[in-house]
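Okay, so here's the structure we're looking at.
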């Protein structure tokens, strides 16, 4: 599969604040540098996350939204949509499919990046149940929902959002990727964005080293030169 080398607009859909930045932060800022407009859709507020027991749980959603906005600013992301679902309780419902379809129709992206709807037992953290549900719901929103004017009819009748067909879908953390993005030049920006998620990464003193090691292995899998770092995707034709 040959990806769109330069999409005009890319929408990235993730289950939690920080998921997109962990999965494709280097790719995001690389595309922004090349002129792509990047938009985020974050499904939950990450309210089950965080490591500081002194912070009231009621404050976590606002903290994590603010952290995500700060990270997005570092990477040059244009907009962040928050859907406000509960962290740890995500399931594939008609309501979730409708809400993602709404964002797709509003943003009319050339490419949508989603999390894998398939559990990868070699990558436990990437296969959080919320990630899998987010991937399946986003895939259903891409096909058939967002392109079908008769799916979720209130989007047309009440919100004037016509159907939109997503030409290409990229899947992160898929067991068999077919496209690698060299993020050697943008790796440090990705780490800066991840550091903006203070409630999640402040305790990770070895964050950069861990991410560099993982990205170097990904680059090697994609036959990139030694010393390079990369992010990988499964690219799907969804026209």
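If you take the residues of segment 135-159 that are part of a helix (DSSP H, G or I) and more than 18 Å from the chain's Cα centre (by Cα), which of them is farthest from residue 238 (Cα to Cα)? Checking each candidate, the answer is 157. Residues in segment 70-84 that are buried (at least 17 other Cβ atoms within 10 Å of the Cβ) and assigned to a helix (DSSP H, G or I): 71, 72, 74, 75.
Assuming residue 132 fulfils every condition listed in (1) closer than 15 Å to residue 23 by Cα; (2) assigned to a helix (DSSP H, G or I); (3) in contact with a strand residue (DSSP E or B) (Cβ under 8 Å, 6 or more places away or on another chain); (4) touching a residue at least 24 places away in the same chain (Cβ under 8 Å) apart from one, which condition is it? If we test residue 132 against (1) closer than 15 Å to residue 23 by Cα; (2) assigned to a helix (DSSP H, G or I); (3) in contact with a strand residue (DSSP E or B) (Cβ under 8 Å, 6 or more places away or on another chain); (4) touching a residue at least 24 places away in the same chain (Cβ under 8 Å), just (4) comes out false. If you filter segment 1-51 down to residues that are under 18 Å from residue 232 (Cβ atoms) and surrounded by fewer than 21 Cβ atoms within 10 Å (Cβ to Cβ), you find that the one that is modelled with the lowest pLDDT is 1.
Set side by side, the residues 208, 232, 192, 219 differ, and just one is in contact (Cβ under 8 Å) with a residue 12 or more places away in the chain, buried (at least 19 other Cβ atoms within 10 Å of the Cβ) and assigned to a helix (DSSP H, G or I), which is 219. Within segment 46-68, the set of residues being in a loop (DSSP other than H, G, I, E, B), in contact (Cβ under 8 Å) with a residue 12 or more places away in the chain and farther than 15 Å from residue 21 by Cα comprises 47, 48, 49, 50, 51, 52, 55. Here residue 4 meets each of (1) touching a helix residue (DSSP H, G or I) at 6+ places or on another chain (Cβ under 9 Å); (2) farther than 23 Å from residue 88 by Cβ; (3) not in a helix (DSSP H, G or I) with one exception, condition (1).
Please indicate, with yes or no, whether at least one residue in segment 171-186 is assigned to a helix (DSSP H, G or I), surrounded by 17 or more Cβ atoms within 10 Å (Cβ to Cβ) and at negative phi. Looking for residues that are assigned to a helix (DSSP H, G or I), surrounded by 17 or more Cβ atoms within 10 Å (Cβ to Cβ) and at negative phi, one finds none in segment 171-186, hence no. Of the residues making up segment 124-138, those that are surrounded by 15 or more Cβ atoms within 10 Å (Cβ to Cβ) and farther than 14 Å from residue 12 by Cβ are 126, 127, 128, 130, 132, 133, 136, 137. Of the residues in segment 98-118, not one is loosely packed, with under 15 Cβ neighbours inside 10 Å and either in contact with a helix residue (DSSP H, G or I) (Cβ under 9 Å, 6 or more places away or on another chain) or without any contact (Cβ under 8 Å) to a residue 40 or more places away in the chain (or both).
The values are calculated or read from the model by the stated rules, or taken from the named source; none is laboratory data. Everything numeric in this text was worked out from a predicted model, so none of it was measured. Using ideal geometry, Cβ is built from the backbone for each residue, glycine included, and neighbour counts are taken over all protein chains shown.
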